[in-house]
Amino acid sequence: DGNSGWRCPACQNASVQVPKTYTCFCGKVHNPEWNRNEIPHSCGELCGKKRQCLDCPHLCNILCHPGPCPSCPAFVTKSCECGQTSHSVRCGQSTKIHCSNVCGNTLNCGKHSCTQVCHAGKCSPCQLTVQRVCYCGSNFKEVLCGSKEEFSDGFGSFSCQNICGKKLNCGRHNCKQVCHPQPCQLCPRLPQVVHRCPCGQTPLSKLLELGCVERKICTDPIPSCGKTCGKPLSCGSYEFIHTCESLCHEGDCRPCSHTSNIYCRCGFKKKVSVYSLTMETAAITFMCDKRCNKKRSCGRHKCNEVCCVDTEHKCSLVCGRKLNCGFHRCEEPCHRGSCQTCWQTNFDELTCYCGESIIYPPVPCGTQPPECKKTCTRPHDCDHPVYHSCHTEEKCPPCTYLTQKWCMGKHEVSQLLTSLTMVVCQILTSICGAIRYRLICLVQVKASECSLTLQLCTLLQRFMCCHKRNLMLFFFRIAAISIATKLTDLQLGDSVEISRLITKKEMKQARLQCDEECLALQRNRRLAEALEIDENSDPFNIRSSGPKYSDHLKEDARKDLKFVSDIEKEMRKLVEAVNKGKHTKKSHCYPPMNRDHRRIIHELAQVYGIESVSYDNEPKRNVVITAVKGKSICPSSTLTSVLDKEMQSRPPPPIPHYKQTDKNNGNTGLSKPLKEEPVIDYFDVQD
């Protein structure tokens, strides 16, 4: 078997080491002589070896032989497991003898007998239950007979962990210890037990010398020394021990009067509480109402936990994104990155349309049909030969067979593809009686499309009246070719690409004249290209030199100058930080505020080139601004400074004259100015 050792060629017995002596099978004779009438390597005498069975006392009684000794043929008398019956069996029999009688042996409790049928081994513990009482005698419970809990010391068997409550030896007070096995202690208020005042600082003998009444029984009050109690309270610690500040008294001490700061579990808020209440409510963690704004591990959802102390912020929502198959959604917890491939599998064969190419199961969900090189077998509109291969699309490609077709105006015949239904040609037609222009063969349309045709014709007539313009031929080409090829797109409101429909000469003739503004833009563009200046940059601070604040924004700012000033300071600080730092973006979250204040932030963000978005629902809706490096700028003058200059340059307002109303009409007093209409903040609704 690959192990080191030696196997005897005679008896096939394996040994670890090679033997140094040669003996017979029974081991009694060394170097046995060979005899043809006996077994080879045998001494020819009785074996006499002890059998392998431990219960057999007899030796092997056959001649010296190879291999193990056979079982003993003798018969012996054996008792059953319970010892009540005896049976004659073969010696060395390993099977146990069982009778049909009940065991009847005494159990571990020493009171009851075993009720099982004759069995091997020890009897099971007694399963009967007995009722036992606690030490104080107020509670009972059932325990197994013979168990340790059954033992009683005369007062009870177990402790119920309640207050004992037994009458003490004085007969007036009850025991305040937890249920205990020994007799109750002496009354702690007996005169012979109490030797000091309640606080323990002064002996009663000294107080008796000062005139205190001597105590006779346990109900007599214990004299007070009048000093500060000074007993340590349970609220203290090893370093700072709080003591009772009341005068020497009987009974429990008052709660601690010291105060401490309690922080919520996230550390955002704190409150002042009495120290004793703090220790009592230590197990109840103080929680604030702040919701966590950090992103969860998925990167899609916010944590939104109240008083959050989580560091990982694992998302417990289901991902729900569509998998690559396009049919099923991801059922994993919300995660970052791409979802795993769809694990569902189809056990049907996936074939092409004609059935020649087959993908055998299992087929992963989302697998496209196999590519087939056979000719398409789908029904076609024409009878021409088919040249395209089998495909999965429902609609076949257009027929590529060449046929002769007339143009829509019946002017000429061309050899074109069968799939082309609209054929146009170029002819010469007389217009305005003198000038000839080249037109395109117009396409006849259905009656439902006559309104579009009439509109185009009307547009053509307007340009035809002025034949001196070079744009007439340009618009004729657009109208004709658009009707022929882009009729559906025009009905849907799409634009038509016309750069490939006219020649360069016609494009040059139809080009608009460049005005002064166009020339200035071209000059600036050429200068920027020569100096290698980015168009998006602002090297001369032109954009930031003159910020434009709307009149509506100025009017809102006058109502709350302090709010606008704080907002601008924060925006300037954010823009400077992102332009000087290494990060490309920096954000700031404002606290929840009303709609008017949010509108001011959105309008100021446009002036500073800052992105602004509103989050959450009312009344906790807030604004988050984000400054981008290279895009966000600080204007040369703030809105508050602009308002200050306007106030200084503005003349003092005239004294308003209120019109006195007619008393005869029942109206007395001054007429009130009209109330302004409320302004709707459409900007804040955009998100």
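The values are calculated or read from the model by the stated rules, or taken from the named source; none is laboratory data. Remember, it's a predicted structure, so these values are computed and weren't measured experimentally. Neighbour counts run over all protein chains shown; Cβ positions are idealised from the backbone, glycine included. SASA here: full protein model, heavy atoms, side chains in, ligands and nucleic acids out. Shrake-Rupley method; radii C 1.70, N 1.55, O 1.52, S 1.80 Å.
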The stretch 551-645: C-alpha gyration tensor shape, a/c 1.5 cut-off, then a/b vs b/c: oblate
Starting from the Cα gyration tensor of the stretch 128-205, take the square roots of the eigenvalues, sort them a ≥ b ≥ c, and report rounded, prolate or oblate (rounded when a/c is under 1.5, otherwise prolate if a/b is larger than b/c, else oblate). prolate
Neighbourhood charge, 9 Å Cβ-Cβ cut-off, centred on R329 and excluding it, Lys, Arg +1 and Asp, Glu -1: +1
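Run the accessible area of the stretch 1-73 with a 1.4 Å probe and give the carbon-and-sulfur part as a rounded percent.
On the way: 2990 of 5670 Å².
Here carbon and sulfur together make up 53 percent of the probe-accessible area.
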Accessible area of the stretch 128-205 with a 1.4 Å probe: how many percent of it is carbon plus sulfur? 53
Quick one: accessible area per residue over the stretch 128-205, 1.4 Å probe, rounded to a whole number of Å²? 62
How large is the convex hull of the C-alpha atoms of the stretch 310-394 per residue, in Å³? 118
Carbon plus sulfur fraction of accessible area for the stretch 551-645, probe 1.4 Å, in percent: 52
Pairs K548/K580; K271/K620; K569/K645; K141/K166: which exceed 22 Å Cα-Cα? K548/K580; K271/K620
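Of K374/K395; K582/K631; K290/K629; K302/K629; K562/K586, which sit over 21 Å apart, Cα to Cα?
K290/K629; K302/K629; K562/K586
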How would you classify the stretch 1-73 from its alpha-carbon gyration tensor, with a ≥ b ≥ c the square roots of the eigenvalues: rounded for a/c under 1.5, else prolate if a/b is greater than b/c, otherwise oblate? oblate
How charged is the neighbourhood of P57? Take every other residue with its Cβ under 15 Å from the Cβ of P57, and add Lys/Arg as +1 and Asp/Glu as -1. +4
How much accessible area per residue does the stretch 1-73 have, counting only protein heavy atoms and a probe of 1.4 Å, in square angstrom? 78
Return the lysines within reach of K216: Cα separation strictly under 18 angstrom, same-chain partners fewer than 8 residues apart disregarded; answer none if there are no such residues. K206
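I want the local charge near P70. Using Cβ-Cβ distances under 12 Å, sum +1 for each Lys or Arg and -1 for each Asp or Glu among the other residues.
+3
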Accessible surface, per residue, of the stretch 551-645 when the full set of protein chains is kept, probe 1.4 Å, Å²: 53
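Output the relative contact order of the stretch 128-205, whole-number percent, from Cα pairs under 8 angstrom with separation of 6+ residues.
21
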Mind listing the phi-derived Karplus ³J(HN,Hα) values for the stretch 621-630, rounded to whole Hz, using 6.51, -1.76 and 1.60 with θ = phi - 60°, and x for any glycine or proline? 6, 9, 10, 10, 10, 9, 8, 10, 5, x
